[in-house]
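Contents: one structure, followed by commentary.
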Amino acid sequence: MLRFFLTRVGLLAPTFLGVTVVAFIFVRLIPGDPVEVMVGEMGISPERHAELLARLGLDLPLWEQYLRYLGGLFQGDLGVSIVTKQPVLHEFFTLLPATLELSFCAITAAILLGLPLGILAATRQGSAFDHTVMASSLAGYSMPIFWWGPLLIILFSGVLGWTPVSGRISLLYFFEPVTGFMLIDSLLSGEPGAFTSALGHLILPTIVLGTIPMAVIARQTRSAMLEVLGEDYVRTARAKGLPASRVIGLHALRNALIPVVTVIGLQVGVLMAGAVLTETIFSWPGIGKWMVDSIFRRDYPSVQGGLLLIAAIVMLVNLIVDLLYGLINPRIRHRN
Amino acid sequence: MSALLDIRGLSVTFTTAHGGFTAVEGVDLTVEHGEVVAVVGESGSGKSVAMLAVMGLLPWTATVHAERMQFAGRDLQTLGAAARREIIGRDMAMVFQEPMTSLNPCFTVGFQLTETLAAHTKERRAERRRHAARLLAQVGIPEPEARLAAYPHQLSGGMNQRVSIAMAIACRPKLLIADEPTTALDVTIQAQILELLGRLQEESGMALVLITHDMGVVAETAQRVVVQYAGQQVESQNVRQLFRAPRHPYTKALLDALPGRHRGRRLPSIPGVVPGQLDRPGGCLFHPRCGRAEDLCRQRAPSPSAAELGFARCHFPLPPPESQP
């Protein structure tokens, strides 16, 4: 198990280095530079432009800029935002709780709905219920977030007026963030109605961000269950006279979960990508929205740092999933 | 006292994309208390399906019909799902063909054994564990206490089959159905498992239905033999009688294919395969493969003959060997 763990960690290092190169190059491929964007339509003399670029260290050859960046990274320095003059690391971790809160709600909802739907669809293969679940999950999977989000806002916020349009909490409430998680902070603040407001603001973004993972989980659970339900050991379990709930919910599900857990782990990447769009649509002050804003401002250090840290989170979660895999599947745990 | 298992005219039809497929047709099987019956036939002859129907383990695509299907005086056809679950695993248990896939890879041997006990007995957790260890010892597994914590993939095929048997006999069933319990095992292990089944049967006095395609296995273990072909019962006799005087040409062909009984240079085999869903012949189902088939066999399906002829489903049952030239 330890060796398994160390090999996985060893594989992360080159991946991480690759991400630094990609992040560094891609952000510089966008036309324009930070100075041009800041100046806007006012115009600037070429001399002044060159001087400002030099002050940001952007006049150096690319390879030197990269090596300096890499050197900073090894010292834990992700650079300073060109726009806010704040350390990138600090900005990132200030905004991270908002994204984590949203992602956590989305994946939890996706699992709580997707798993049972997949299991039920598998046990009723070919039924109207099965067809409905499969058709709607295909629709959900194919629904682009930038379309799905506004659609829900128009219906639930616009027409029905049930949910707020954007933000994390109503402007009526103000309190100092303690944990950064609005659901917890609103409870801690003791202000009446704050928690309900925070919860209400979470509903639509959670649905929008959770739709694709839910569809993927439901479909994967169904196909894994179908495969497992035909296995000999499921027949053995039934031959013991066990109730269907135990045969399906324990004997079959435990085996079907192995591929499903992998898929859930992969959804973390999907969540991060989805958060960029979802947060922009709902003005959710998290990492995703910050990344989009930073790209528009050509805030190179913020974009690079943000990409790197998001990649690190995705890699970390996948590592955890790999380890979980061993917990669920004894055949992996005992392989040496 | 009535028979333990009493089946008359059992038919099982599967719904498939090409219409209905009759896997079992008109099978009769009576098993007395403590009797050892072998059900013999090639792959695809419907042996397992008939027994799975008795256990109620067929998929929902299967339709089961029987004139009579009784176990210990209870009608299995009218039994509700919950009442049936009480019986199977406790009074009627089954051991399957593939030991490596018949145990759940995600749970320990101990978990899977105690689970059966938890479902059918009032034993407490600690008692169940001790009971499970005793069962493992009973089926000849060394270090039973330690083996309780093992996963199926950590044991050999033979050991796993012993675990499966321990699971099946956990609640001292009145009837044990063993579905080709030795087919997936090495020859030396096969003999051990058969010996084990024989010993357990003698010790407990339970009835044993042994499904097999191996006439050698039949000769060693069974008292009575039922021969099945393409879903039909074609002959039923006690073992000695059957080996001495097979009445159905199919039975004779199976016996001739036994290496031990045969003298010539080439081992005889039965040409062709068991007919499937789309190539069922008219008349006698065996006639395309039967060396003695006549026009009547091609035209009309035979009915079972008298008891002294082994109920042979044949127009021309074989005479006893004395009268043969």
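The values are calculated or read from the model by the stated rules, or taken from the named source; none is laboratory data. Keep in mind that what you see is a predicted model, and the values were worked out from it rather than measured. Note: ideal-geometry Cβ built from the backbone for every residue, glycine included; neighbour counts use all protein chains shown. Calculation scope for accessible area: heavy atoms of the full protein, side chains included, ligands and nucleic acids excluded. Shrake-Rupley method; radii C 1.70, N 1.55, O 1.52, S 1.80 Å.
Just to be sure, is B:ALA137 open to solvent by 40 Å² or more (accessible area, probe 1.4 Å) and farther than 21 Å from A:ARG235 by Cα?
Answer is yes for this residue.
How many residues does segment B:49-64 hold that are β-branched (Val, Ile, Thr) and either within 11 Å of chain A (Cβ to nearest Cβ) or open to solvent by less than 40 Å² (accessible area, probe 1.4 Å) (or both)?
3
Go through segment A:180-194 and count every residue that is crowded, with 20+ Cβ neighbours inside 10 Å and either small (Gly, Ala, Ser) or over 19 Å from the mean Cα position of the chain (by Cα) (or both).
So in segment A:180-194, the residues crowded, with 20+ Cβ neighbours inside 10 Å come out as A:182, A:185-186, A:194.
Filter once more, keeping what is either small (Gly, Ala, Ser) or over 19 Å from the mean Cα position of the chain (by Cα) (or both): A:185-186, A:194.
Of the residues in that region, 3 qualify.
Yes/no per residue for (1) in contact with a Gly (Cβ under 7 Å, 6 or more places away or on another chain); (2) without any contact (Cβ under 8 Å) to a residue 60 or more places away in the chain; (3) closer than 26 Å to A:LEU309 by Cβ:
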{"site": "A:GLU191", "(1), (2), (3)": "no, yes, no"}
{"site": "A:LEU226", "(1), (2), (3)": "no, no, no"}
{"site": "A:ALA239", "(1), (2), (3)": "yes, yes, no"}
{"site": "A:GLY269", "(1), (2), (3)": "no, yes, yes"}
{"site": "A:ALA273", "(1), (2), (3)": "no, yes, yes"}
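Name the residues in segment B:65-114 that are of a type in the set (Ser, Thr, Tyr), farther than 23 Å from B:ALA178 by Cβ and either more than 10 Å from every other protein chain (Cβ to nearest Cβ) or in a helix (DSSP H, G or I) (or both), would you?
Result: B:THR78, single match.
Has segment A:208-230 got at least one residue that is within 20 Å of the chain's Cα centre (by Cα), loosely packed, with under 15 Cβ neighbours inside 10 Å and within 24 Å of A:VAL276 (Cβ to Cβ)?
No, every residue in segment A:208-230 fails to be within 20 Å of the chain's Cα centre (by Cα), loosely packed, with under 15 Cβ neighbours inside 10 Å and within 24 Å of A:VAL276 (Cβ to Cβ).
Do you know which residues across segment B:291-316 are crowded, with 21+ Cβ neighbours inside 10 Å and part of a loop (DSSP other than H, G, I, E, B)?
B:PRO302, B:GLY310, B:PHE311, B:ALA312, B:ARG313, B:CYS314
Which condition breaks for B:SER102 when tested against (1) open to solvent by less than 50 Å² (accessible area, probe 1.4 Å); (2) of a type in the set (S, T, N, Q); (3) at pLDDT below 90?
For B:SER102, the failing item is (3).
Could you please let me know if A:VAL21 is at pLDDT 90 or above, over 21 Å from A:ASP293 (Cα atoms) and open to solvent by 50 Å² or more (accessible area, probe 1.4 Å)?
yes
Among the residues that make up segment A:249-265, is at least one of them assigned to a helix (DSSP H, G or I), open to solvent by less than 40 Å² (accessible area, probe 1.4 Å) and more than 24 Å from A:LEU323 (Cα to Cα)?
No, segment A:249-265 has no match at all.
Select the helices (runs of 4 or more DSSP H) contained entirely in segment A:52-161, then report the ones holding at least 3 residues which are within 30 Å of A:VAL261 (Cα to Cα) and in contact (Cβ under 8 Å) with a residue 24 or more places away in the chain. Steps first, answer last, please.
On the way: elements: A:62-74, A:88-123, A:128-142, A:145-152.
By residue number, A:88-123, A:128-142, A:145-152.
Could we say that A:VAL216 is assigned by TED's automatic domain parsing to the domain that holds A:PRO285, β-branched (Val, Ile, Thr), at pLDDT 90 or above and more than 30 Å from A:ALA139 (Cα to Cα) here? Even if it seems obvious, please write down each step before you answer.
Details: assigned by TED's automatic domain parsing to the domain that holds A:PRO285: yes; β-branched (Val, Ile, Thr): yes; at pLDDT 90 or above: yes; more than 30 Å from A:ALA139 (Cα to Cα): no.
Spelling it out, it is not the case that A:VAL216 is assigned by TED's automatic domain parsing to the domain that holds A:PRO285, β-branched (Val, Ile, Thr), at pLDDT 90 or above and more than 30 Å from A:ALA139 (Cα to Cα).
Specify the residue that is most open to solvent (accessible area, probe 1.4 Å); the eligible residues are those in segment A:34-59 that are more than 21 Å from A:ASP293 (Cα to Cα) and charged (D, E, K, R).
Filtering segment A:34-59 for residues that are more than 21 Å from A:ASP293 (Cα to Cα) and charged (D, E, K, R), the one most open to solvent (accessible area, probe 1.4 Å) comes out as A:ARG55.
Table: residues versus (1) under 21 Å from A:VAL19 (Cα atoms); (2) open to solvent by 30 Å² or more (accessible area, probe 1.4 Å); (3) away from chain B (no Cβ under 14 Å).
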site: A:LEU271; (1), (2), (3): yes, no, yes
site: A:VAL276; (1), (2), (3): yes, yes, yes
site: A:LYS289; (1), (2), (3): yes, yes, yes
site: A:PHE296; (1), (2), (3): yes, yes, yes
site: A:PRO301; (1), (2), (3): yes, no, yes
site: A:ILE313; (1), (2), (3): yes, yes, yes
site: A:ASP322; (1), (2), (3): yes, yes, yes
site: A:PRO330; (1), (2), (3): no, no, no
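Starting from segment B:117-136, keep only residues that are within 14 Å of chain A (Cβ to nearest Cβ), then list their pairs with residues that are polar (S, T, N, Q) and in a helix (DSSP H, G or I) whose Cβ atoms are within a distance under 7 Å, requiring at least 6 positions of separation or different chains.
Going by the 7 Å Cβ cut-off, the qualifying pairs are B:ARG128/B:THR114; B:ALA132/B:THR114.
Of all residues in segment A:110-135, which are open to solvent by 40 Å² or more (accessible area, probe 1.4 Å) and within 24 Å of A:LEU202 (Cβ to Cβ)?
Once the filter is applied, which keeps residues that are open to solvent by 40 Å² or more (accessible area, probe 1.4 Å) and within 24 Å of A:LEU202 (Cβ to Cβ), segment A:110-135 yields A:ILE111, A:LEU112, A:LEU113, A:PRO116, A:LEU117.
Check every one of the helices (runs of 4 or more DSSP H) wholly within segment B:155-230 and list those with 3 or more residues that are within 17 Å of the chain's Cα centre (by Cα) and within 14 Å of chain A (Cβ to nearest Cβ). Spell out how you get there, then give the answer.
On the way: elements: B:157-168, B:187-204, B:215-221.
Helices (runs of 4 or more DSSP H) meeting the threshold: B:157-168.
Does A:LEU271 satisfy the condition of being in a helix (DSSP H, G or I), touching a Phe, Trp or Tyr at 6+ places or on another chain (Cβ under 7 Å) and under 23 Å from A:ILE153 (Cβ atoms)?
No.
Within segment A:235-249, which residues are more than 8 Å from chain B (Cβ to nearest Cβ), out of contact with any Asp or Glu (no Cβ under 9 Å at 6 or more places or on another chain) and within 16 Å of B:PHE111 (Cβ to Cβ)?
Those that are more than 8 Å from chain B (Cβ to nearest Cβ), out of contact with any Asp or Glu (no Cβ under 9 Å at 6 or more places or on another chain) and within 16 Å of B:PHE111 (Cβ to Cβ): A:VAL247, A:GLY249.
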